[in-house]
Amino acid sequence: GSVVASYPYDDSPTHRPTGVYSKSADDEVFRYLAKAYASHHPIMRTGKPNCPGEEGETFPDGITNGAQWYDVEGGMQDYNYVWANCFEITLELSCCKYPPTSELPKEWENNRESLLAFIEKV
């Protein structure tokens, strides 16, 4: 896990494991939507999730192009965009995939304003 808003494409023509910006035709819209979420999240907006084992990982503005971060062939985000014209972003909300129940209220507070800002864009 991490704390970042990722947007298409997750796959790249070269399938290099990381570092390839795979721009979609709607790149500006996806960046706008990702920033709308990330800019209201207290950790995500810093671009420094500080996840254990990945302390040096950074994401400018708290967002990333999926394939630039890491290449995923056949991902749902890309599939839905290409075949159903759905504009989806992927939200990584925690360094921990399964946070303990005791942390859920804090996670809600971290994401509430971001979620409302994102819904307003719809």
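The values are calculated or read from the model by the stated rules, or taken from the named source; none is laboratory data. The structure displayed is predicted, hence computed values, not measured ones. When we count neighbours, we look across all protein chains shown, and the Cβ atoms used for this are built from the backbone with ideal geometry, even at glycine. Ligands, DNA and RNA are stripped out before the accessible areas are found, and what is left, the full protein with its side chains, is counted by its heavy atoms. Shrake-Rupley method; radii C 1.70, N 1.55, O 1.52, S 1.80 Å.
Filtered by the rule that a residue be part of a helix (DSSP H, G or I) and surrounded by fewer than 15 Cβ atoms within 10 Å (Cβ to Cβ), the stretch 12-28 gives a lone residue, E28. On the stretch given as the stretch 35-77, residues that are touching a residue at least 12 places away in the same chain (Cβ under 8 Å), among the basic types (K, R) and farther than 22 Å from Y9 by Cβ total 1.
With the requirement that a residue be acidic (D, E) and open to solvent by less than 80 Å² (accessible area, probe 1.4 Å), what does the stretch 39-67 give you? Answer for the stretch 39-67, where residues must be acidic (D, E) and open to solvent by less than 80 Å² (accessible area, probe 1.4 Å): just E57.
Scanning the stretch 80-103 for residues being open to solvent by less than 90 Å² (accessible area, probe 1.4 Å) and free of Cβ contacts under 8 Å to residues at least 60 places away in the same chain gives a total of 7. Scan the stretch 32-58 for residues that are over 21 Å from E109 (Cβ atoms) and assigned to a loop (DSSP other than H, G, I, E, B) and the total you get is 7. Checked against (1) aromatic (F, W, Y); (2) open to solvent by less than 60 Å² (accessible area, probe 1.4 Å); (3) closer than 17 Å to G1 by Cα, Y70 passes all but a single condition, namely (2). Among the candidates S2, S22, which residue alone is in contact with a Gly (Cβ under 8 Å, 6 or more places away or on another chain), in contact (Cβ under 8 Å) with a residue 40 or more places away in the chain and among the hydroxyl-bearing types (S, T, Y)? Of S2, S22, the one residue that is in contact with a Gly (Cβ under 8 Å, 6 or more places away or on another chain), in contact (Cβ under 8 Å) with a residue 40 or more places away in the chain and among the hydroxyl-bearing types (S, T, Y) is S22.
Only one entry of E55, E73 meets the criterion of being on the phi < 0 side of the Ramachandran plot and touching a His at 6+ places or on another chain (Cβ under 9 Å), and that entry is E73.
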